[in-house]
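The values are calculated or read from the model by the stated rules, or taken from the named source; none is laboratory data. All values derive from a computational prediction rather than experimental measurement. Because the Cβ atoms are built from the backbone with ideal geometry, glycine has one as well, and the counts that use them run over all protein chains shown. The protein model used for the area step is the full one, side chains on, heavy atoms only, and it has no ligands, DNA or RNA in it. Shrake-Rupley method; radii C 1.70, N 1.55, O 1.52, S 1.80 Å.
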Amino acid sequence: MKKTIHIPIGSQHISLLEPVRFSFECENETIIKVEADVGYVHRGVELACTTKFKFKQVGYVVARVCGLCAIVHSTCYTLGIEELMGIEVPKRASYLRLIANELDRIHSHLLCLSHTAENAGYEALFMRIMKDRELVMEVQEAMTGNRIQFDYVSIGGVNKDMNSELEGVIRNKLGLLHQKVAEIKELFDNNWSLSLKYKNVGVITKEMAYRSSLLGPIARASGVNFDVRNDSDYLPYSELGFKSITMEGGDIHSRNMVRLFELFESIRLIETALDGMPEGEIAAKVRGTPEGESYMRVEAPRGECFYYLKASKGQYLDRVRIKTPTFGSVPGMIEALKGSNYADVPAIIASFDPCLSCTAR
Amino acid sequence: MLKAAFNALKNLFSTPATIDYPFEKSPKNKEARGLILFEEPKCIWCLKCEDVCPPGAIRFTQDRESFDYTYHYNPYLCIYCSECVRACPDSAVALSQCNELSPPTDDKNMNDNWFKIEKEAEESKIAVKELKKIKKEESS
Amino acid sequence: MKTTKELVTLHEIRGAIEGFYDPQIWHFVCINGLFENDELEIQWCFAKIGVKDEWKVFYAKAPGDALLPSLADIMPTARMYEGELRDLLDANFENSVKGMFIELDGLEAPLRIKR
Ligand code: SF4
Ligand code: SF4
C-alpha cells in the first residue's frame, strides 16, 4: 500500500490570492515532496513590448505586469532606457521617484502582513491592517493621481510635481501611519497565538538562502544582507543614509519583522527625502532613440526586479527581459515547504508574498 | 494582548471604516486623474497625441473628400496617463484632464464599433495620402 | 555601471561558472536569452553583493536547436529560468520540459517572432 498521500493546493484555493498550483506528497502531516506550477497568468508582455509598442509607450505597458509593484517596473524600465539614451535625470525627479517607490513598498508590505495574519487565522488583524493601509493609499492618490497604477514615472523624469501643501499631507499621514505600524508591530511581536503559527515555522537557513539565490525580505530574514537599494546608485538611496534590515531567524516571524522594520525605514526615507528635496526641473528633454544593452535592477517590495533591454536605434526595442522577484524565490519556497506541516502551508506561502501576475507576466 | 482585546471592544462601538458605496460617493482627491477633455477649436491637428497614447485611446479619422480630421476618444481604453496632455504642443493645448472617471454609457462607438474606428483611422489616412498624391500629379 | 561580458563556448560554460560562482559574493540574477540572426545567445547574469552596480555576464552563442547545458545543480534557481526560456524561446536546455507558461498546443517559441 502507498504510504504517502498526494494533496494538491490550487490553482484556485481559498488561501491563495492568485492562481498557483502546488502539489504535495505528504507522509502523515509532513510534506516530503513539493511541485510548483506558476504559469497560469501568462500574458506575453515581453513579446508585446518588442512588437506592439514603441519604446516610449513600453513604460506604461510594463507597469501593468504587476498591480502591487507597478511603479517598480516602470522605474526599472525607465532607468534602463535612460541609460541607453544617455539622459541625465534631474535631481528632483530622482527624489520624487524614490518617494513614490517607497510609498509603494509601504502599501505592498502592509498588504502582505495583513495577508499572513489572515492565513494564520487572525482576521481581525487583517481588517485592521487593511484599514491602516488606506492612509498610504490616500497619500499615493494625492501624490501621483492614482491609487494603484500610478503611471508616475516617464522617460526623463516624473509626471507630476510636488508642492508644499502635498508635502504637509504626506508628513501628516505618514506620522499617523508610524504610530499605527508601531501598534501592529507590538501585536506581531507579543501575541501568543500568532507566535504559535509563526515562530520556527517554514525556516530557511542562511546556507539555503545563499544556495537558492534568495532575494528581498525573505533573504534578509535569513541573515543575508542583500538589498538592491545598497547595490545600485540609480536612485539616491545612499544620499539618504539607507540602512538595510536583516534578521537571523529565517522563519515566518522574522520575515514579518523584516517587513515591519522596513516600513519604519521607508517612512524615515520618505521624510528625509522631503527634508532634502532639491529644487529644479522635474523632467529632462528627451531626444533621440536608444541604442545598446542595459542591465538594470531596482529593489521591489518582494526583492530584486531586473530588466534587460536591448535596442538598436529604432522606435521598437529588440529585446525586453523581465525578471521578477517571486519567480526567483519559488525554489526557496519549495525548500521551505519541505518538511513542514501541511497545516502551515497557507501561512508559509503568504509569508513569501508571492505575486503570480509578476511571475508569469 | 490586553491592548488588542481593548481595541477590539472599542471597535465594536465605533462607526464602520467603510462607506455605503452605491448610496454614497466614494471620496476623490482633487488631484486624481481622470478623463481627457478635448477642445476642438484649439486643435492644430498635429496628431502627436495619437502617436504617444499607449493603449490607442485617441484616434483620428480623416474624411476622404474634405481631408478634415475627426477626433475619437475611448474612455474605456484610456489609462489616464496624461501622456497626450504633455504631448500636445504649447501652441495648441487642446487637451486637458479632469478628475471624473468614465461613466456607464450607451455610446454606439464603443465595444466592437471601436475596432471599426481603429481600422478606419489607419485606412483613411493612407487613402488620403494617395488621393493627395493623385491630385498633385494632376495639377503638375 | 560596470559590466564585464565574457564569451564562452557551450562546453566551457559549466567549468567557467563552477570556478567563478561563490554565492556569498555573487548573486545569481537570471538567465537571459536572445534570438538574433538565426542564432541563440544565452547569457548567465551575476551581480556582486554589496558593491554598486557591478555585473558579470557569461554569454554563449549556439544554433537555434542546440542542446544547452543545464546548471541547475550549481544554482537551483537556474531550473526556473531554463524552463521559462524553453517555453518562450524554445532554447533546448537539458532536462527542461515544456509547459511552464504556454500550453503544449500553444504558440511555438513566441520570442523568436520579429516585427
Ligand atoms: S491619458 Fe494616456 S491613455 Fe488616455 S488618451 Fe491620453 S495618452 Fe491615451
Ligand atoms: S496633440 Fe493637441 S493639437 Fe495635436 S492633434 Fe492632439 S489635441 Fe490636437
task = Identify all lysines with a Cα-Cα distance to residue A:338 below 22 Å; exclude those on the same chain that are fewer than 8 residues away in sequence.
result = A:2, A:3, A:33, A:197, A:199, A:206
request  = Quick one: dipole size for chain C, taken about the Cα centre, charges +1 on Lys/Arg Cβ and -1 on Asp/Glu Cβ, in debye to the nearest 20.
outcome  = 460
inquiry  = Is the C-alpha gyration tensor of region A:204-361 telling us rounded, prolate or oblate? Criteria: a/c under 1.5 is rounded; beyond that, a/b larger than b/c is prolate, otherwise oblate.
reply    = oblate
For region A:46-195, projected area of the alpha-carbon convex hull averaged over all directions, nm² = 10.3
query = Relative to the compact globular guide of 2.2 N^0.38 Å, what is the alpha carbon radius of gyration of region A:1-87, as a ratio?
reply = 1.65
note = Taking every C-alpha to C-alpha distance in region A:192-243 and binning by 5 Å from 0, the per-bin percentages run 4, 19, 19, 16, 15, 12, 9, 5, 1
ask   = In debye, nearest 20: dipole of region A:42-324 around its Cα centre with unit charges on the Cβ of K, R (+) and D, E (-)?
value = 840
request  = Let me know the mean shielding of A:34-43 by other chains, meaning the per-residue number of their Cβ atoms within 10 Å of its Cβ.
outcome  = 3
note = Over the protein assembly as shown, the quotient of the Cα radius of gyration and 2.2 N^0.38 Å is 1.02
query = Once Lys and Arg get +1 and Asp and Glu get -1 on their Cβ, which of B:14, B:124, B:113 lies farthest toward the positive end of the dipole of chain B?
reply = B:14
request  = Any chance you could check the Cα centroid distance between region C:29-94 and region B:32-110 for me, in angstrom?
outcome  = 43
request  = Classify region A:153-269 as rounded, prolate or oblate from the Cα gyration tensor: take a ≥ b ≥ c as the square roots of its eigenvalues, call it rounded if a/c is under 1.5, otherwise prolate when a/b beats b/c and oblate if not.
outcome  = oblate
ask   = Name the GluC sites (Glu not before Pro) in region C:42-115 that are in a loop by DSSP and that have at most 16 other C-beta atoms within 10 Å, would you?
value = C:94, C:103, C:108
inquiry  = From the protein chains alone at 1.4 Å, what is the descending order of accessible area for A:79, B:12, A:68, largest first?
reply    = B:12, A:68, A:79
ask   = Past the 29 Å Cα-Cα mark, which pairs from A:52/A:173; A:91/A:243; A:52/A:285?
value = A:52/A:173
message = Which residue, A:30, A:274, B:32, has the largest displacement toward the positive end of the dipole of the protein assembly as shown when charges sit on each Cβ (Lys, Arg +1; Asp, Glu -1)?
response = A:274
ask   = With point charges of +1 on the Cβ of Lys and Arg and -1 on the Cβ of Asp and Glu, referenced to the Cα centre of the protein assembly as shown, which listed residue (B:79, C:74, A:40) lies farthest in the positive direction of the dipole?
value = B:79
task = Find how many whole Å separate the alpha carbon centroid of region A:303-361 from the alpha carbon centroid of region A:134-188.
result = 26
For the protein assembly as shown, size of Cβ-based charge dipole, Lys and Arg +1, Asp and Glu -1, in debye = 380
task = Mind ranking B:106, A:344 by accessible surface for me, highest first, 1.4 Å probe?
result = B:106, A:344
task = Pick out, in residue order, every one of the trypsin sites (Lys or Arg not before Pro) in region C:1-107 that is DSSP loop and has at most 10 other C-beta atoms within 10 Å; say none if there are none.
result = none
message = Using Stokes-Einstein with the Kirkwood hydrodynamic radius over Cα pairs, what translational diffusion coefficient do you get for region B:13-107 at 4 °C and a viscosity of 1.567 mPa s, in µm²/s rounded to a whole number?
response = 84
query = What average count of beta carbons from other chains do you get within 10 Å of the Cβ of residues in A:230-237?
reply = 3
ask   = Given chain A reduced to its alpha-carbon atoms as identical point scatterers, what log10 I(q)/I(0) does the Debye formula return at q = 0.14, 0.15 Å⁻¹?
value = -1.17, -1.32
task = Normalise the Cα radius of gyration of region B:1-60 by 2.2 N^0.38 Å (N = residues in it) and let me know the number.
result = 2.26
ask   = Can you give the angle from 0 to 90° between the axis of helix A:123-144 and the longest principal axis of chain A, with both taken from C-alpha atoms, to the nearest 10?
value = 10
request  = For region C:2-69, state what percent of all Cα-Cα pairs lands in each successive 5 Å bin, counting from 0 Å until the bin that includes the largest distance.
outcome  = 4, 17, 27, 25, 14, 9, 4, 1
query = Volume per residue, Å³, of the convex hull around the alpha-carbon atoms of chain C?
reply = 114
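Partner chain Cβ atoms within 10 Å, averaged over the residues of A:326-336 - can you pull that number for me?
Per residue, the average neighbour count from other chains is 3.
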task = At 1.4 Å probe size, with no ligands or nucleic acids counted, give the accessible surface of residue C:26 in Å², nearest ten.
result = 30
